[in-house]
1. State, as an integer percentage, the relative contact order of the chain based on alpha-carbon contacts under 8 Å between residues 6 or more apart.
2. Looking at (i) 183; (ii) 142; (iii) 111, which value of volume of the Cα convex hull per residue in Å³ comes from a calculation on the structure shown?
3. Using θ = phi - 60° and the Karplus relation 6.51 cos²θ - 1.76 cosθ + 1.60, list the HN-Hα couplings for the range 279-294 in order, rounded to whole Hz, with x at every Gly or Pro.
4. Helix 43-71: angle to the longest alpha-carbon principal axis of the chain, degrees 0 to 90, nearest 10?
5. Need the C-alpha centroid separation for the range 328-378 versus the range 144-174, integer Å.
6. Which percent of the accessible heavy-atom area of the chain goes to carbon and sulfur, probe 1.4 angstrom?
7. Taking the chain as the reference, fit the longest principal axis to its C-alpha atoms, fit the long axis of helix 163-184 to the helix C-alpha atoms, and give the angle between the two in degrees, 0 to 90, nearest 10.
8. Determine ³J(HN,Hα), in whole Hz, for all residues of the range 331-343 in sequence, where each value follows from phi through the Karplus function 6.51 cos²θ - 1.76 cosθ + 1.60 and θ = phi - 60°; x replaces Gly and Pro.
Amino acid sequence: MRGSRAGTPLHAAVAAMFFAFGVGVGLWGGASGAILTRAGVDAATFGIILTVYTGAYLIAMSAGGALGHRFGVERALAVSAILFGAALCAVLNAASAAWVASALIAAGFLGGVVDVTMNAEGARIERRLGRPILARLHAAASSGMALGAILGSLIAASATPWAAGVLAALALAGAGVAYDRAARGDRPPPSPVGVPGRKGLSLAPALIGLGVVIGVSIAAELAASLWSTLLLREEAPKLAAISGLGAGFFSTCQAALRFNADAIRVRVSDLRIIVASFAIAAAGFALVGAQAGFAASVAGFALIGVGTGPIVPCGFALAARQSEAGPAVGLASASLFSTLTRLPAPLATGAIAQMLSLPIAFAAFAVALAATAAAAAAVASASRPARSPRNV
């Protein structure tokens with residue numbers, strides 16, 4: 001079973017799921033500026049909507065461990081992926097603030113289930129292979145986001161803006177069906193049972209810390225992928241059709257880094273990689289906040305992509321190894337604790353953008369990421385150096 005579980009068909013199906021997930025999210029990111037303008041949603045309102053969206057996403061991720069244990073990761077992932085595609089289709093065709101809010105919240109919950117279950121499956125395959133693969137799986141998601149972001153902005157400015165929604169639905173439905181077929185042909189052994197009374201969650205201090213770190217990184221990624229289009233449209237209104245370049249370069253550079261991150265993880269501990277990555281991402285946010293023009297901002301988003309690239313896969317790999325109940329419980333627990341930093345971020349971003357400006361909101365991210373890098377560096381210096389990515 002070990003060999004077949006780590007075999008090509010299932011591994012490829014999981015990679016395709018990550019890619020399709022990225023395409024769907026990227027399409028929304030690239031088209032978001034046009035959709036929000038069409039729906040009459042300002043920065044403050046968008047910040048509130050994103051906060052509720054993030055809450056729904058986190059609730060779903062925190063419940064993902066229990067869902068995986070009860071229904072099986074395979075069933076939960078395949079079904080939620082198809083439903084997530086349908087929800088994104090609704091978001092991409094939204095024509096009012098209420099429509100944007102309701103559809104995005106639904107997409108947030110379903111996307112959270114897909115996120116935690118596909119990462120749990122990736123972590124399980126990684127453990128069976130005995131070598132790191134999570135970073136490359138996340139690279140597949142980033143590649144999909146890059147493609148989706150560029151297509152999203154182009155399609156939104158075309159005569160057929162509805163095509164973005166159809167593309168998102170088809171990509172995720174296809175990935176869901178392909179994964180279901182691969183999983184049916186390669187059943188895993190039963191997952192270990194969690195500690196009674198925890199209901200799929202763990203309160204280990206290491207998971208709390210990892211959750212906070214992951215939350216900061218994902219909040220930064222969300223800002224780069226969803227607020228970038230609005231910022232670039234403001235800087236260069238005549239280039240609205242290519243305003244998805246910010247999210248596109250962010251995702252492309254993130255993917256390039258993640259494709260090579262596993263080789264780095266063999267030589268450098270996950271925690272030390274996280275420290276360096278936060279410092280690089282902080283520099284990218286500072287460049288965007290400097291308001292140096294369209295090209296400089298795109299370069300800043302690219303730098304953010306390089307910086308944030310390894311953080312989530314390294315953090316998830318660490319979280320998956322912290323719980324004796326299995327990867328799904330570790331990931332779900334870290335996702336719950338990421339609420340402490342991830343949930344307030346969209347609301348704060350929207351408020352700062354409305355009262356001051358969007359570039360200043362990005363500058364605030366630079367300060368927050370620099371502070372996180374300093375805190376993580378203190379923890380890393382107090383920890384014993386790791387020889388492999390399996391060490392904390």
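The values are calculated or read from the model by the stated rules, or taken from the named source; none is laboratory data. Here the structure is a predicted model, which is why all the values come from computation and not from measurement. Note that we place each Cβ from the backbone using ideal geometry, even for glycine, and neighbour counts take in every protein chain shown. To get the accessible areas, we keep the full protein, side chains included, count just its heavy atoms, and leave off ligands, DNA and RNA. Shrake-Rupley method; radii C 1.70, N 1.55, O 1.52, S 1.80 Å.
1. Taking the mean separation of contacting Cα pairs over the length of the chain, I get 26 percent.
2. Correct label, based on the coordinates given: (iii).
3. Calculated HN-Hα couplings, in order: 5, 5, 4, 4, 5, x, 5, 5, 5, 5, x, 6, 6, 8, x, 4 Hz.
4. 20 degrees
5. Computed from Cα coordinates, the inter-centre distance equals 28 Å.
6. Here carbon and sulfur together make up 69 percent of the probe-accessible area.
7. The two axes meet at around 0 degrees.
8. Karplus-based 3J(HN,Hα) across the range 331-343 equals 5, 5, 5, 4, 5, 4, 6, 5, 4, 4, 10, 6, 5 Hz.
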